[in-house]
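S.K.: There's a structure below that I have some questions on.
The values are calculated or read from the model by the stated rules, or taken from the named source; none is laboratory data. Keep in mind that what you see is a predicted model, and the values were worked out from it rather than measured. Cβ placement follows ideal geometry from the backbone for every residue including glycine, while neighbour counts extend to all protein chains displayed. Side chains included, ligands, DNA and RNA excluded: accessible areas come from the protein's heavy atoms. Shrake-Rupley method; radii C 1.70, N 1.55, O 1.52, S 1.80 Å.
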Amino acid sequence: MKRLENSIFKGIVSFLTLFSVLILSFIIFFILKESTVFFKEVSITNFIFGKRWNPLGPADKLAIFPIILGTIYVSIIGIIIALPIGIGNAIVLSSYTNGKVKRIIRSIVDVLAGIPSVIYGFIGLLVLVKFLEIKFEFPTGESVLAGGIVLSIMMLPFIISTCEESMEKVYNEYSAYSNALGVSKGYMIRNIVLPNSKRSILASIVLALGRGMGETMAVMMVIGNAPIMPKLLGKCQTIPSLIALEMGMAEVGSLHYHGLYASGFVLMMILLIINVILYIIKRKLI
């Protein structure tokens, strides 16, 4: 009877796993199929490295190099801001708090992860963009910087959760030995906890980058959505915001329509390349 139950359970789990893989394969196949139509008209090199996006113009004016740079630029700004804050929070949670205080901070982090992205975008547009315009007298507060700041807040829960779990294990494993040797907590964190948490820190960067580069609504509301070369204090456009803004206006079957799918395909490839590079770094250097 127990063997039968195990077989049924294994069958259900295997089916669900296969179903998930099939859904992912279908999405990739569909985007690739729609993109292939576009790449028959426009070479992939011109599409990626061309500098103008004009959906009403000829085929050679459909290029997304500034939009690719904008996507990467905003995400990197978000990582630069979020990573030290996230690691600091993870250290506090794993090494300096316990009991009720830890549960409260974790609850706040969980709430941050659950807030809809449109709320982040709404607050960013009304508070952050206006703050940049008024306090720093920027011609427009909608910028790469505003997008990076909003993204950094959205990335924090991923970084904190991923790092904190690993740091807590390392801290619990070595704290008794450190106390017995009279080593200070700060020294232990710098020389034992952080070096042994490099894998989780790298994993948190991958997760946060994926979250940042795929984010649509919040970033779209604060970056100005101009398909120009991105500058820190200037407007830009990201690939998700391009697709979200123009897919509803594109005529089904037109080159513009297929160009938006091709943009999504390029975004998937960028994320895949970043994941592969970080995976290699993780395997080789850590």
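S.K.: Going out from 0 in 10 Å bins, what whole percent of all Cα-Cα distances in the stretch 1-119 drops into each bin?
M.R.: 10, 17, 19, 25, 19, 8, 1
S.K.: A further question follows. What is the local net charge at ARG106, summed over the other residues whose Cβ is closer than 12 Å to its Cβ (Lys, Arg +1; Asp, Glu -1)? Could you put the intermediate results ahead of the total?
M.R.: On the way: positive: LYS100, LYS102, ARG103; negative: ASP110, GLU164, GLU165, GLU168.
Net local charge, ARG106 excluded: -1.
S.K.: Which of LYS169/LYS282; LYS100/LYS185; LYS33/LYS282; LYS235/LYS282 have a Cα-Cα distance over 31 Å?
M.R.: Table pairs above 31 Å Cα-Cα are LYS33/LYS282; LYS235/LYS282.
S.K.: Further question: So what does log10 I(q)/I(0) come out to for the stretch 50-145 at q = 0.12, 0.17, 0.18, 0.26 Å⁻¹, using the Debye formula with one equal point on every Cα and no solvent?
M.R.: Log10 of I(q)/I(0), two decimals: -0.66, -1.01, -1.06, -1.22.
S.K.: Find how many whole Å separate the alpha carbon centroid of the stretch 114-129 from the alpha carbon centroid of the stretch 222-286.
M.R.: 21
S.K.: Ok, one more. Could you give me the radius of gyration and the Dmax of the stretch 226-286, taking only the C-alpha atoms into account and expressing both in angstrom?
M.R.: Using the Cα atoms of the stretch 226-286, the pair Rg, Dmax is 15.8, 49 Å.
S.K.: Say R0 is 30 Å: what FRET efficiency, to the nearest 0.05, do MET247 and VAL21 get from their beta-carbon distance?
M.R.: For R0 = 30 Å, the calculated efficiency reads 0.70.
S.K.: Let me have the 222 nm mean residue ellipticity of the chain computed from DSSP H runs of 4+ only, each contributing -39500 (n - 2.57), with the sum over all residues rounded to the nearest 500.
M.R.: On the way: 12 runs with 203 residues, N = 286.
Rounded to the nearest 500, the figure is -24000 deg cm²/dmol.
S.K.: If you take the beta carbon distance between PHE131 and ILE104 as r and set R0 to 35 Å, what does 1/(1 + (r/R0)^6) give as a FRET efficiency, to the nearest 0.05? Mind showing how you got there, number by number?
M.R.: On the way: r = 28 Å, r/R0 = 0.81.
Between PHE131 and ILE104 the formula returns 0.80.
S.K.: To continue, here is another question. Which of these, LEU242, LEU18, LEU151, has the largest mean-square fluctuation under a Gaussian network model of the chain (Cα springs below 10 Å)?
M.R.: LEU18
S.K.: Still on this model: Please state, to two decimals, what the Cα-based radius of gyration of the stretch 1-60 comes to when divided by 2.2 N^0.38 Å (N = residues). Could the numbers behind the result be given before it?
M.R.: Values: Rg = 21.8 Å, N = 60, 2.2 N^0.38 = 10.4 Å.
Relative to the rule-of-thumb radius for its length, the stretch 1-60 sits at 2.09.
S.K.: Also, quick follow-up: Rounded, prolate or oblate, given the Cα gyration tensor of the stretch 141-183, with a/c below 1.5 counting as rounded?
M.R.: prolate
S.K.: Between helix 2-39 and the chain, what is the angle of the helix's C-alpha long axis to the longest principal axis, kept within 0 to 90° and rounded to the nearest 10?
M.R.: With both axes taken from Cα atoms, the answer is about 30 degrees.
S.K.: Let me ask something additional. Ordered by packing density, taken as the mean number of other Cβ atoms within 10 Å over each peptide's residues, highest first, how do 216-227, 89-100 rank?
M.R.: Highest-to-lowest ranking by the protection proxy: 216-227, 89-100.
S.K.: With only alpha-carbon atoms counted, please give the Rg and Dmax of the chain, in Å.
M.R.: Cα radius of gyration and Dmax of the chain are 22.6, 74 Å respectively.
S.K.: Can you work out the accessible area per residue across the stretch 82-222, with the rest of the protein chains kept in place, probe 1.4 Å, in square angstrom? Don't skip to the answer; put the middle values down first.
M.R.: Values: 7090 Å² over 141 residues.
Per residue, the stretch 82-222 has an accessible area of 50 Å².
S.K.: Which residue, SER35, SER200, SER175, tops the fluctuation ranking in a GNM of the chain built on C-alpha contacts under 10 Å?
M.R.: Judging by the Gaussian network model, the answer is SER175.
S.K.: So, one more: Could you tell me what percent of the accessible area of the chain is made up of carbon and sulfur, with a 1.4 Å probe and every protein chain present?
M.R.: Heavy-atom surface of the chain belonging to carbon and sulfur, 1.4 Å probe: 68 percent.
S.K.: Across the stretch 89-101, in residue order, what do the Karplus-derived ³J(HN,Hα) couplings come to in whole Hz, using 6.51 cos²θ - 1.76 cosθ + 1.60 with θ = phi - 60° and x for Gly and Pro?
M.R.: Along the stretch 89-101, the couplings run 5, 5, 5, 4, 5, 7, 10, 10, 10, 7, x, 5, 4 Hz.
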